[in-house]
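The values are calculated or read from the model by the stated rules, or taken from the named source; none is laboratory data. Bear in mind the structure is a predicted one, so any value in this text is a computation, not a measurement. Don't worry about glycine lacking a Cβ; one is built from the backbone with ideal geometry, like all the others, and counts go over all protein chains shown.
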Amino acid sequence: MKRVLHVVMTMDTGGVENWLLHVVRRLDPTRIRFEFAVATGQGGAYVEEMEARGARVHFLGCGRDPVRLASRLARLLRRHGPYDAIHGHLHHVNGVVGWVGARAKVPLRIAHSHLDTSYFDARGGPVRAFYRRGLRRMIQRYANVHLAVSARAADSLFGLGWRDDPRVRILPCGLDYSRFSALPDKAEARRRVGLPADAVVFGSIGRLEVQKNHAFLFDVMAALRARLPDARLVLVGKGSLEAALRARARALGLAEQVLFAGARDDVPELLAAMDLFLFPSLFEGLGLAPIEAQAAGIPCLISDQVPSEVILFPDRVRALPLGDAARWAAHALELLGLPRLEGAAAAVEASPFGMEAHLSALLSVYDAAPRARRVV
């Protein structure tokens, strides 16, 4: 059995964490075991199930400090190793993860890019740029496998020349879409969540943080209000901006139209209640939420900053530039006429985003590594 240590920022709801939970649910425990080193927090929404499925969770308590991360991660490797692989999910800080792994003689050291951080990178000063360059050099030196969820995510972390680097591989995250194959009808889904049966329901999934651009989403809803006075917007997720977003909804007169649903484990059922999925992200490494929406058969209106790899049904997904809320509202009205797509879940499951294909590709990465040896 091989042991893989994943280094993550949290064990709470989010795209990376959700993906890892889906993978753990499908692992063969006689073949491979996942463990997790969590930089921030002492708990999280996924801890209980991860541990119940045999995936031990270690809390480092280092926050976002790379120096403390290095020290505490090294101590974890000494106490609980050897590991056959260390798999970093901390973007630039994967350089620290790779360095610590190399010093501990972990055979396989993976730097995994889940984000396109060019939006923030362009706004950082010279000190921040120097810091990023140093960490990227560490990734190049110490990580012997580079994974990215999309070409845009690879550009962001590994540079534009990554296509000539044999260590780099595009590996989109996969989920289990079996839950999307037998959804309730729209009326029943709305009854369960308390939405009016005859309302037009828009929805979005994502942490309530700057990246997901919910403020612009409210501007779109305000532009739609004249045509659809009874429209509703369902926001799935939680985050540090919730209070500010609630205040903005009140200021725009949308307080009664916006449902803050919080972090949920019934995402397929919530999607079944929607007429159109909206995803105006400022940046994304991939974006699993639009793929889930497509699996539910829901048409999507997304930002052109979302990688095009997520578009599985081109006639049902439209990508637009950000900035013009009236234009987004006009396209939203056009897409509302599309019915739910039957059989969408099976099509998504058969794609590279389906768990069977994804798990096979992911395990092949670990299988290529030599076994670790305990150092006495």
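Go through the range 60-84 and give me each residue that's assigned to a helix (DSSP H, G or I) and in contact (Cβ under 8 Å) with a residue 12 or more places away in the chain.
Scanning the range 60-84 gives PRO66, LEU69, ALA70, ARG72, LEU73, ALA74, LEU76, LEU77, ARG78, HIS80.
Residue check: is HIS87 closer than 22 Å to ALA70 by Cβ, assigned to a helix (DSSP H, G or I) and in contact with a Phe, Trp or Tyr (Cβ under 9 Å, 6 or more places away or on another chain)? When the stated conditions are applied, HIS87 does not pass them.
Identify all residues within the range 190-206 that are touching a residue at least 24 places away in the same chain (Cβ under 8 Å) and not in a loop (DSSP other than H, G, I, E, B); write none if there are none. Across the range 190-206, the qualifying residues are ARG190, ARG192, VAL193, VAL201, PHE202, GLY203, SER204, ILE205.
Scanning the range 256-292 for residues that are more than 16 Å from VAL200 (Cβ to Cβ) and in a helix (DSSP H, G or I) returns VAL267, PRO268, GLU269, LEU288, ALA289, PRO290, ILE291, GLU292. Annotation note: of ASP116, ASP164, the sole residue that is surrounded by fewer than 17 Cβ atoms within 10 Å (Cβ to Cβ) and farther than 22 Å from ALA357 by Cβ is ASP164.
Residues that are touching a Gly at 6+ places or on another chain (Cβ under 8 Å), over 15 Å from ALA52 (Cβ atoms) and charged (D, E, K, R) within the range 4-37 comprise ASP12, GLU17, listed in sequence order.
Only residues that are part of a helix (DSSP H, G or I), surrounded by fewer than 17 Cβ atoms within 10 Å (Cβ to Cβ) and within 19 Å of the chain's Cα centre (by Cα) were counted in the range 337-357, giving 2. For the range 243-284, taking the residues that are under 26 Å from PHE180 (Cβ atoms) and charged (D, E, K, R), the one that is modelled with the lowest pLDDT is identified as ASP265. May I ask you to verify whether VAL220 is crowded, with 16+ Cβ neighbours inside 10 Å, at pLDDT below 95 and more than 23 Å from GLU17 (Cβ to Cβ)? No: the conditions fail for VAL220.
Quick one: is PHE260 of a type outside the set (Val, Ile, Thr), surrounded by 21 or more Cβ atoms within 10 Å (Cβ to Cβ), assigned by TED's automatic domain parsing to the domain that holds VAL201 and out of contact with any His (no Cβ under 8 Å at 6 or more places or on another chain)? Spelling it out, it is not the case that PHE260 is of a type outside the set (Val, Ile, Thr), surrounded by 21 or more Cβ atoms within 10 Å (Cβ to Cβ), assigned by TED's automatic domain parsing to the domain that holds VAL201 and out of contact with any His (no Cβ under 8 Å at 6 or more places or on another chain). Applying the selection to the range 1-32, what residues are of a type in the set (D, E, K, R), closer than 15 Å to SER360 by Cα and without any contact (Cβ under 8 Å) to a residue 60 or more places away in the chain? Of everything in the range 1-32, just one residue is of a type in the set (D, E, K, R), closer than 15 Å to SER360 by Cα and without any contact (Cβ under 8 Å) to a residue 60 or more places away in the chain, namely ASP28. Taking the criterion of being more than 14 Å from the chain's Cα centre (by Cα) and either among the β-branched types (Val, Ile, Thr) or not assigned by TED's automatic domain parsing to the domain that holds LYS238 (or both), the residues of the range 194-210 that qualify are VAL200, VAL201, VAL210.
For every residue, the table says whether it meets (1) under 24 Å from ALA368 (Cα atoms); (2) in contact with a Pro (Cβ under 9 Å, 6 or more places away or on another chain).
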{"site": "TYR119", "(1), (2)": "no, no"}
{"site": "ILE139", "(1), (2)": "yes, no"}
{"site": "VAL149", "(1), (2)": "yes, yes"}
{"site": "ALA154", "(1), (2)": "yes, no"}
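A residue that is surrounded by 13 or more Cβ atoms within 10 Å (Cβ to Cβ), assigned by TED's automatic domain parsing to the domain that holds VAL168 and either part of a strand (DSSP E or B) or hydroxyl-bearing (Ser, Thr, Tyr) (or both) cannot be found anywhere in the range 90-99. Residue count for the range 163-186, restricted to those that are part of a loop (DSSP other than H, G, I, E, B) and either hydroxyl-bearing (Ser, Thr, Tyr) or farther than 22 Å from GLY343 by Cβ (or both): 7. Please go through the range 102-152 and give me each residue that is in a strand (DSSP E or B) and either polar (S, T, N, Q) or under 17 Å from ALA70 (Cα atoms) (or both), ordered by number. Passing the criteria: ARG109, ILE110, ALA111, SER113.
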